[in-house]
Structure formats: structure tokens, C-alpha cells
Amino acid sequence: DTAVSQTPKYLVTQMGNDKSIKCEQNLGHDTMYWYKQDSKKFLKIMFSYNNKELIINETVPNRFSPKSPDKAHLNLHINSLELGDSAVYFCASSNLAGVTGELFFGEGSRLTVL
Amino acid sequence: AQSVTQLDSQVPVFEEAPVELRCNYSSSVSVYLFWYVQYPNQGLQLLLKYLSGSTLVKGINGFEAEFNKSQTSFHLRKPSVHISDTAEYFCAVTLANQAGTALIFGKGTTLSVSS
């Protein structure tokens, strides 16, 4: 069983389109994250949700909107895609109550904007 | 705010040689430290972590790291590397005992092991 699963794994789309990436975790964790990894492999936190409540919202264009229907799911919707949005997006989860900071990552969703 | 600096962007080594990947952090408060590994086209996997206690931490795949508070370092070491250790390695930091803070990652070190 995959602990943190993301779909789709690959996404190729045109500028201006709207797309979504879905993430699900079956670890029973209460906190989920979205990270962006750019072409130089730098990982940057975008958002974090704890029990469906937004707790981290870094400086990200408002074209990016996370949605957490329940604590096992965190989706990322991107409007009006731009070339600079091309990256690998990683979902991760953790148990906030444990406060150990360890994150469990999905395999990533590679977004290519043409 | 805390930050992480990985001092080497690329480290090429021969198989069975020892390796050290360097990481320095900056924080005015206590932190937790981590090393993650990313194999090509995969997600990140935890290698080891330092929360408290013994400053020498052992992880998976024969890796270990030493927390040095005076030098604010958390260098990763392996006495003998294999071809399969070729990957991207990330050092990360988060605030200790602070629920809701994210992991902050360094820019990564590419370890290339050749025969």
C-alpha cells in the first residue's frame, strides 16, 4: 500500500489552462503539505494543512489554491498556468501531534507547462 | 528564521570510498535536523534524524550523521559507498517542539558514485 499517493504523476498542459493535482495519505496523519521542487531541485514549502485547516501559506501566487476535504486528502488547484509553474510538486504528510518534524513524501507530480 | 546551507552541490566519489556531505544550519532556537535522499524520479525518503540525545545518529543504508551544536553542523557520512548510493541528498531543519512549522530544505547535494 502506498503511504502518500499523488495523481497524476505526469501532467503536460498549455499556458493558461487550469489543472489539479490530488494527494491522499493512508498513514493516519493529521497534517499534509505541498512542496514545489524547481529545475535546480530546490524544495520549497507552499502550503500546509492540519485537520483541514490551513496553517502554512507561503508566498505563493493566488493562482494556486489548496483544498483539503478531509485530513487524508490535500489537493492543489492551479489556475491560468504559466511557464514558470513547470516543476515537480510533492505532497507530504506528518503527525503534528508527534512534533518530530518527519515528513513522508509522495512520489511527486511533474507538471510541464508549454 | 532558520536556514540550511549544503556546502557542496556535487560530490563525485569512487565506489567503496568514504564520503562526507556537509550541512550547516542557522537558527536562534533549538532545531530538529534531518537528512533525506531522493533517487531519480522518486520522492524523498528519510535517511536519519536528530531530535535530541546522542549527537551521533545512525540511519538507513549505513549512513550516519553527527550533530555539532557549536559549529551548527550536521554532516552526513558513509564509510564505504556503493553505486546504488548515487542520488540527491537533502539536509533539512525544523523548529524543535513547535507544532505546525514546516521542514526547510537545503539546496541538495548530488552524490555520484562511479566504479
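The values are calculated or read from the model by the stated rules, or taken from the named source; none is laboratory data. Note that the structure is a prediction, hence the values are computed from the model and not measured. Here Cβ is always computed from backbone atoms with ideal geometry, including for glycine, and neighbour counts include all displayed protein chains.
When residues in segment B:9-58 are screened for being away from chain A (no Cβ under 11 Å), part of a loop (DSSP other than H, G, I, E, B), modelled with pLDDT under 95 and surrounded by 12 or more Cβ atoms within 10 Å (Cβ to Cβ), 3 of them pass.
Under the condition of being within 20 Å of A:Leu43 (Cα to Cα) and more than 9 Å from chain A (Cβ to nearest Cβ), the residues counted in segment B:75-105 number 6. Quick one: is A:Leu74 surrounded by fewer than 19 Cβ atoms within 10 Å (Cβ to Cβ), at negative phi and either touching a residue at least 12 places away in the same chain (Cβ under 8 Å) or among the acidic types (Asp, Glu) (or both)? Criteria not met by A:Leu74.
The lone criterion from (1) in contact with a helix residue (DSSP H, G or I) (Cβ under 7 Å, 6 or more places away or on another chain); (2) surrounded by 18 or more Cβ atoms within 10 Å (Cβ to Cβ) left unmet by B:Gly108 is number (1). Taking the stated definitions as given, is B:Val4 buried (at least 19 other Cβ atoms within 10 Å of the Cβ), within 14 Å of chain A (Cβ to nearest Cβ), within 12 Å of the chain's Cα centre (by Cα) and over 29 Å from A:Lys9 (Cα atoms)? It is false that B:Val4 is buried (at least 19 other Cβ atoms within 10 Å of the Cβ), within 14 Å of chain A (Cβ to nearest Cβ), within 12 Å of the chain's Cα centre (by Cα) and over 29 Å from A:Lys9 (Cα atoms). If you filter segment A:1-45 down to residues that are in contact with an Asp or Glu (Cβ under 9 Å, 6 or more places away or on another chain) and of a type in the set (Ser, Thr, Tyr), you find that the one that is surrounded by the most Cβ atoms within 10 Å (Cβ to Cβ) is A:Ser5. Scanning segment A:32-55 for residues that are facing another protein chain (nearest Cβ under 9 Å), more than 17 Å from A:Thr112 (Cα to Cα) and over 12 Å from the mean Cα position of the chain (by Cα) returns A:Asn50, A:Ile55.
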